[in-house]
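Heads up: the structure comes next, in structure tokens.
The values are calculated or read from the model by the stated rules, or taken from the named source; none is laboratory data. What you see is a predicted model; the values in this text were computed from it and never measured. Cβ placement follows ideal geometry from the backbone for every residue including glycine, while neighbour counts extend to all protein chains displayed.
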Amino acid sequence: MGETLGFLVHVVEPLSVEGTLVSSSFIRDLLRRGEVDVANKFLGRYYSLRGVVVAGERRGSELGYPTANLLPPEDKLIPGNGVYAGVASLSQERFPAVINVGVRPTFGGQRLVVEAHLLDFQGEIYGQHIDLAFVKRLRDEQKFVNPGALAAQIAQDISLARESLHDLLAKADPLSE
């Protein structure tokens, strides 16, 4: 076709990283399993979702951990259910974040949600665009016996996320890796 339509064709050899063949289906499988740190290595960047912050059920606020509920594009792959350490970008600012992907089984949820608790942030951001970069999976989604037990786990998740993100956030442009 190149000769017929007048453009050059160059064959690109398959990319291999550390002996593993990189393909889009391989990366999609990693993301579906929640292995974002491995997928990031093969992508050469942090996997992220961009969407509009929408109103949720305010469960996070009731627990003392308000969340930004993301409405991602319908055609975007959502990482597997679980809790992740990540970085949220709002306008020109970046915040460490704990991101939950799942159905919120403690509250009998059925619908998949993507929500992020932005650390060191306070304010209303409904209707704004937010980017969530997934850095590391912290744990599987789980059902807790009561909201208090969930709140205690969220406190642990925040501590682990801060620890996981410490070196990354010390960089001038933490998402440029």
Is there a residue being of a type outside the set (S, T, N, Q), more than 26 Å from residue 40 (Cβ to Cβ) and out of contact with any helix residue (DSSP H, G or I) (no Cβ under 7 Å at 6 or more places or on another chain) anywhere in region 115-123? yes
If you check residue 62 against the conditions, is it free of Cβ contacts under 8 Å to residues at least 60 places away in the same chain, among the charged types (D, E, K, R) and not in a strand (DSSP E or B)? no
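Just to verify a result, which residue in region 13-34, among those that are in a loop (DSSP other than H, G, I, E, B) and either touching a helix residue (DSSP H, G or I) at 6+ places or on another chain (Cβ under 6 Å) or touching a residue at least 40 places away in the same chain (Cβ under 8 Å) (or both), is nearest to residue 139 (Cα to Cα)?
34
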Would it be correct to say that residue 37 is of a type outside the set (Lys, Arg), surrounded by 11 or more Cβ atoms within 10 Å (Cβ to Cβ), farther than 23 Å from residue 150 by Cα and touching a Lys or Arg at 6+ places or on another chain (Cβ under 6 Å)? yes
State all residues of region 151-177 that are modelled with pLDDT of 95 or more and either under 17 Å from residue 47 (Cα atoms) or touching a Phe, Trp or Tyr at 6+ places or on another chain (Cβ under 6 Å) (or both); if no residue qualifies, say none. 154, 161
Name the residues in region 123-160 that are in a loop (DSSP other than H, G, I, E, B), under 15 Å from residue 67 (Cα atoms) and touching a residue at least 24 places away in the same chain (Cβ under 8 Å), would you? 125, 126, 127, 128
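Please indicate, with yes or no, whether at least one residue in region 44-53 is aromatic (Phe, Trp, Tyr), within 24 Å of residue 16 (Cβ to Cβ) and assigned to a strand (DSSP E or B).
Looking for residues that are aromatic (Phe, Trp, Tyr), within 24 Å of residue 16 (Cβ to Cβ) and assigned to a strand (DSSP E or B), one finds at least one in region 44-53, hence yes.
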